[in-house]
1. Report yes if Leu277 is of a type outside the set (D, E, K, R) and buried (at least 24 other Cβ atoms within 10 Å of the Cβ), otherwise no.
2. Restricting to the range 175-193, name every residue that is of a type outside the set (A, V, I, L, M, F, W, C), assigned to a helix (DSSP H, G or I) and loosely packed, with under 13 Cβ neighbours inside 10 Å.
3. Please find, within the range 146-178, the residue that is modelled with the lowest pLDDT out of those that are in contact with a Phe, Trp or Tyr (Cβ under 6 Å, 6 or more places away or on another chain) and among the β-branched types (Val, Ile, Thr).
4. Would you confirm, using the coordinates I've provided, whether Ile53 is β-branched (Val, Ile, Thr), over 21 Å from Thr334 (Cβ atoms) and modelled with pLDDT of 90 or more?
5. Can you name the condition, by its number, that Cys172 falls short on among (1) within 19 Å of the chain's Cα centre (by Cα); (2) not in a loop (DSSP other than H, G, I, E, B)?
6. Collect the residues in the range 226-240 that are under 14 Å from Gly159 (Cα atoms) and of a type in the set (D, E, K, R), keeping them in residue-number order.
7. Being crowded, with 22+ Cβ neighbours inside 10 Å, touching a residue at least 12 places away in the same chain (Cβ under 8 Å) and touching a helix residue (DSSP H, G or I) at 6+ places or on another chain (Cβ under 9 Å) narrows it down to one of Val154, Val139, so name that one.
Amino acid sequence: MASQSIPGPSSIVESFKSAKALITEPCGALDALAAAHGPTTQVSIGPVRLVIIGDAAHVAELLAADSAAFRWGRVARTLTIVIGKTSMIVSDGDDHRRRRSLAQPAFAKRRLDSWASRIVDETDRLIEETMGTENQREVDLHDLHRKLIRRISVRVLFGDELRARADEIGECIEPAMQYAGQPALRQTPHPFPYTARARAKKARKDVDGLLDSIIAERRSTTAEHDSDSLVDALIHAEHEGHHLDDAEIRDQIITLIGAGYDTTSAVLSWTIARSALHETAWHTLRDEAQLHIDTAAATANLKLMPYATATVDEALRLHPAGPFSPREVVRDVTIGEYTIRKGSVIAYSPHLMGRDPRIWPNALDFEPVRFLSTNPDIETQRRTAWIPFGRGSRSCIGFALAQMQLTLVTARLAQRLDVTITNGRLPNPSGLIVTRPEGGLPATIRRFDAKQAPRLN
């Protein structure tokens, strides 16, 4: 059967408008393109072709295709100023396979289980630090979430001994993270000092110096089996005679700190906002947490908190960390009835899949209970149209840690605080790489009878 033309804007003017909107307001632009042309569409400007895949069946074919038909490094190259040239995000081919094989064991279940009590402990620390002696505060929850996830990430990466330096490390890398969040057109390489790019490069250099000293100290003093920190697991990783060198370890650590805390904190903000604005979700989360968050052993088993897990899953359906995931096509590939030509950039969109009314009843409504259903159709939907962390060899390597953080933090916040979102409405989405709440997440937080919320030691 002959390949069909991919639908999309028909004129150069419409294409320019769509391309600009995808850069400035990606979520709204994706919704508009899907409404006008369907969930799989193409925006072309001269030789530049962007194919957006939002149809679940087409995404399944894309993710099952031979990875050798694609390249990731070039479309993500603007991130290298932050995450480095050897990060798995910008690696292709054999380099990606080797680095992922070496890093994957660091996320073993045994290590994940050991982090649960630390996640709750850091949540408690931030609550007490924020509230002080007051029972009520006006705050920007998104700023607090970024600080919290950054602290958890540093503690998980380096262990308890560097807990006190979490804010220092986070503040050191922040200029680079701010730069990476800008549109690609604002990241054109240049040699000029006193610019955002110069500050980002300096931030990365400063972080490298800090990490080099930590890695050197750990190499000389710590055996992998003596520590549950990620950095020690990466230092001692071995696969088929290969190891990670110091530059590779640095780049993976910065990827996990930077990309990890930026994406996780954004999703956490959407989860809290949705839950606090829902009629019953916050109280249901609290009731469940009261039963199960009281010992480290209990918090390690997320199966004991199905509603919290479902709440996070539902938030990820509506608010995946990024609006789309791009890759470059290096040879013609067939997806459904379409041929995607070599040189195109193809991006599947978890944002569109998660809001597809053909798949999800009441698609725009926040309904955590949909993920508690035993209906086999829900499992089918989850397998085909719920892909917030990717799938296969290019899936997010830290997805299990992210889910654990999101679930435990959400449950603990509901257990200890009442949250009222300012203006009583959901913020607008903002961001090309990570979908954050525009303007942060202003809210009023109040203590909820702290005596009923047992603390972990």
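1. No, not satisfied.
2. Arg186
3. So the residue we want is Val156.
4. no
5. Among (1) within 19 Å of the chain's Cα centre (by Cα); (2) not in a loop (DSSP other than H, G, I, E, B), the lone unmet condition for Cys172 is (1).
6. Residues satisfying the conditions are Asp226, Asp228, Asp232.
7. Val154
Rundown of residues vs (1) over 21 Å from Val207 (Cα atoms); (2) in contact (Cβ under 8 Å) with a residue 40 or more places away in the chain; (3) buried (at least 17 other Cβ atoms within 10 Å of the Cβ), yes/no style:
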| position | (1), (2), (3) |
| --- | --- |
| Val75 | yes, yes, yes |
| Thr78 | no, yes, yes |
| Thr86 | no, yes, yes |
| Val90 | no, no, yes |
| Arg100 | yes, yes, yes |
| Pro105 | yes, yes, no |
| Ile119 | yes, yes, yes |
| Glu122 | yes, no, yes |
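The values are calculated or read from the model by the stated rules, or taken from the named source; none is laboratory data. Predicted model, so just to flag it, every value in this text is computed and none were measured. Please note: Cβ atoms are built from the backbone with ideal geometry, for glycine as well, and neighbour counts cover all protein chains shown.
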